[in-house]
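These notes are about the structure you will find just below.
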Amino acid sequence: MTLRSLISLAKAEGASDLHLEPGLAPVLRVRSQLRAVGEPVAPGLTLEWARDIIGSEDWPHFVERRSFDLSKLIEGLRCRINVLHSARGVGFAIRLLPAFQPTLEALNLHPDLKLLVNHAHGLVLICGPTGCGKSTTLAAMIQTINLSDARHIVTIENPIEFTFRPRQAFIRQREVGRDTPSFEQALLDSLREDPDVLMVGEMREPETMRLTLSAAETGHLVLATVHSSNCAEALQRVVGAFPAEIQNNVAAQLADCLIGVVSQRLLYRPGLNICVPECEVLRATLPIKNFIRNRDFFKIVSSVETGAEHGMWTFQRYRAWLDKRSSFHQPMREAEPEDAEVAAPVHSAPRLPAAPPPPSVRAEGAPAPRPERTEAGRIEIEPSETFEKILKK
């Protein structure tokens, strides 16, 4: 049993995720359902795989943080990998990314979504729960620009999931932790790099949101993702992330720069044996901008329901469109030959030394906490200086 063989098995089974935990059988997520396969994985194996995939250069960062994110090409498939430490030892959460270059057509998305990226400046938000394909839809929108316009695109991701082969556009991709220390620093840098389009992999912190809104206001087209269940909640979450005393200003700023919001979830269609995105689409009309500026987010829902003539879609209308659709694109098992460069690893270039890990929270000279007694076989996490010893147990 090797990590490569397990990823090959997950690929053959059509899984979207592979979970590995010491002492437990590998678990696949196939069409949103979890399924255990094979024999339990020995703890020593997962530790060996972790050392091999992280590498000696970045291993101290994993020891310090107890987790590590990376993307890697394995068995011809690009994977987004999170290596983590749990009560049982070192485990993996692996997302298997599509082998084909995402486009709106290949993802069976509505062609009207292309209209969102035809603007010269403004903000487009892609939202939805974890695992709904936000990053893939974002990559499809970037590819739409890449195939049609000569624009300078800068992406800021953690980690890089899809690498793009420049066609009409000039594309730079920066990975947080490797090419830049943070989303905030990359956004500040990007304003001096002459971009036309910015892609922000995820907006989590208020400072990231503030800089993203500023970039959208200063003449750039900005595409970003945020976690939420619908369009109105996404806008409310952005405004609510800031202190109460400046939320009115943030709401006005968001209303001025917003182009649209796409909320999506995956819908499994048994007849096709594939998952198809089901979307809610919000367009920034004048009434919508007024609702955002006045923070009347609850009124946005009814505007989406009555806004079909403005290109808005509710989940119900979008599902009806899917039901009437006669043909669907079937995902390819292998990458297209002309896009072989797209799947090439992005880590081949010489790298600068990584930024030092953040200092320990424990004050200098303070005694280390004493590990509590635990049940047999369970590993208690201790300070980072003894973590290497723990991993060898």
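The values are calculated or read from the model by the stated rules, or taken from the named source; none is laboratory data. Given the structure is predicted, the values throughout are model-derived calculations rather than measurements. Here the Cβ positions follow ideal geometry from the backbone for every residue, glycine too, while neighbour counts run over all protein chains shown.
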Open item on the list: I'd like to know if the stretch 21-40 contains one or more residues that are closer than 20 Å to ILE160 by Cα, touching a residue at least 60 places away in the same chain (Cβ under 8 Å) and not assigned by TED's automatic domain parsing to the domain that holds LEU272.
Closed with: no
Open item on the list: Among the residues in the stretch 178-189, are any touching a Pro at 6+ places or on another chain (Cβ under 9 Å), within 20 Å of ARG95 (Cβ to Cβ), of a type in the set (A, V, I, L, M, F, W, C) and at pLDDT below 95?
Closed with: no
- [ ] Might you check whether a residue that is surrounded by fewer than 19 Cβ atoms within 10 Å (Cβ to Cβ), among the aromatic types (Phe, Trp, Tyr) and modelled with pLDDT of 90 or more occurs anywhere in the stretch 167-177?
- [x] yes
TODO: Mind telling me which of the residues LEU138, LEU107, LEU125 ends up being touching a strand residue (DSSP E or B) at 6+ places or on another chain (Cβ under 9 Å) and farther than 26 Å from ALA216 by Cα?
DONE: LEU107
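Condition check ((1) touching a Cys at 6+ places or on another chain (Cβ under 7 Å); (2) part of a helix (DSSP H, G or I); (3) of a type in the set (Gly, Ala, Ser); (4) surrounded by 15 or more Cβ atoms within 10 Å (Cβ to Cβ)) across all residues:
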{"residue": "SER5", "(1), (2), (3), (4)": "no, yes, yes, no"}
{"residue": "LYS11", "(1), (2), (3), (4)": "no, yes, no, yes"}
{"residue": "LEU45", "(1), (2), (3), (4)": "no, yes, no, yes"}
{"residue": "LYS72", "(1), (2), (3), (4)": "yes, no, no, yes"}
{"residue": "VAL90", "(1), (2), (3), (4)": "no, no, no, yes"}
{"residue": "ILE94", "(1), (2), (3), (4)": "yes, no, no, yes"}
{"residue": "GLN101", "(1), (2), (3), (4)": "no, no, no, yes"}
{"residue": "LEU113", "(1), (2), (3), (4)": "no, yes, no, yes"}
- [ ] Taking ALA106 as meeting all but one of (1) in the same structural domain as PHE328 (by TED's automatic domain parsing); (2) not in a helix (DSSP H, G or I), write down the number of the exception.
- [x] (1)
- [ ] Inspect all residues belonging to the stretch 39-48 and state whether any of them is in contact with a Ser or Thr (Cβ under 9 Å, 6 or more places away or on another chain) and under 30 Å from LEU147 (Cα atoms).
- [x] no
- [ ] Go through the stretch 29-53 and give me each residue that's under 28 Å from GLY177 (Cβ atoms), out of contact with any His (no Cβ under 8 Å at 6 or more places or on another chain) and modelled with pLDDT of 90 or more.
- [x] VAL41, LEU45, THR46, LEU47, GLU48, TRP49, ALA50, ARG51, ASP52, ILE53
- [ ] Consider PRO129 carefully, then state whether it is touching a residue at least 60 places away in the same chain (Cβ under 8 Å) and surrounded by fewer than 20 Cβ atoms within 10 Å (Cβ to Cβ).
- [x] yes
Open item on the list: Could you go through the stretch 239-260 and let me know if any residue there is among the hydrophobic types (A, V, I, L, M, F, W, C) and closer than 14 Å to VAL281 by Cα.
Closed with: yes
- [ ] Kindly indicate whether any position in the stretch 313-332 is assigned to a loop (DSSP other than H, G, I, E, B), surrounded by 13 or more Cβ atoms within 10 Å (Cβ to Cβ) and at pLDDT below 70.
- [x] yes
TODO: For the stretch 125-132, indicate whether the set of residues that are in a helix (DSSP H, G or I) and closer than 18 Å to LEU211 by Cα is non-empty.
DONE: no
Open item on the list: in contact with a Ser or Thr (Cβ under 6 Å, 6 or more places away or on another chain), outside any helix (DSSP H, G or I), on the phi < 0 side of the Ramachandran plot and free of Cβ contacts under 8 Å to residues at least 24 places away in the same chain: is that true of ARG167 in this structure?
Closed with: no
TODO: Please find, among GLY91, GLY38, GLY44, GLY55, the residue that is touching a Pro at 6+ places or on another chain (Cβ under 6 Å), over 28 Å from LEU267 (Cβ atoms) and not charged (D, E, K, R).
DONE: GLY38
Open item on the list: For the stretch 52-70: of the residues being hydrophobic (A, V, I, L, M, F, W, C) and closer than 14 Å to VAL90 by Cα, which is surrounded by the fewest Cβ atoms within 10 Å (Cβ to Cβ)?
Closed with: TRP59
Task: Lone unmet requirement of (1) among the small types (Gly, Ala, Ser); (2) farther than 21 Å from LEU18 by Cβ; (3) touching a Leu at 6+ places or on another chain (Cβ under 8 Å) for SER148 - done: (3)
TODO: Could you look through the stretch 270-292, keep only residues that are surrounded by fewer than 17 Cβ atoms within 10 Å (Cβ to Cβ) and more than 18 Å from HIS310 (Cβ to Cβ), and pick out the one that is farthest from the chain's Cα centre (by Cα)?
DONE: GLY271
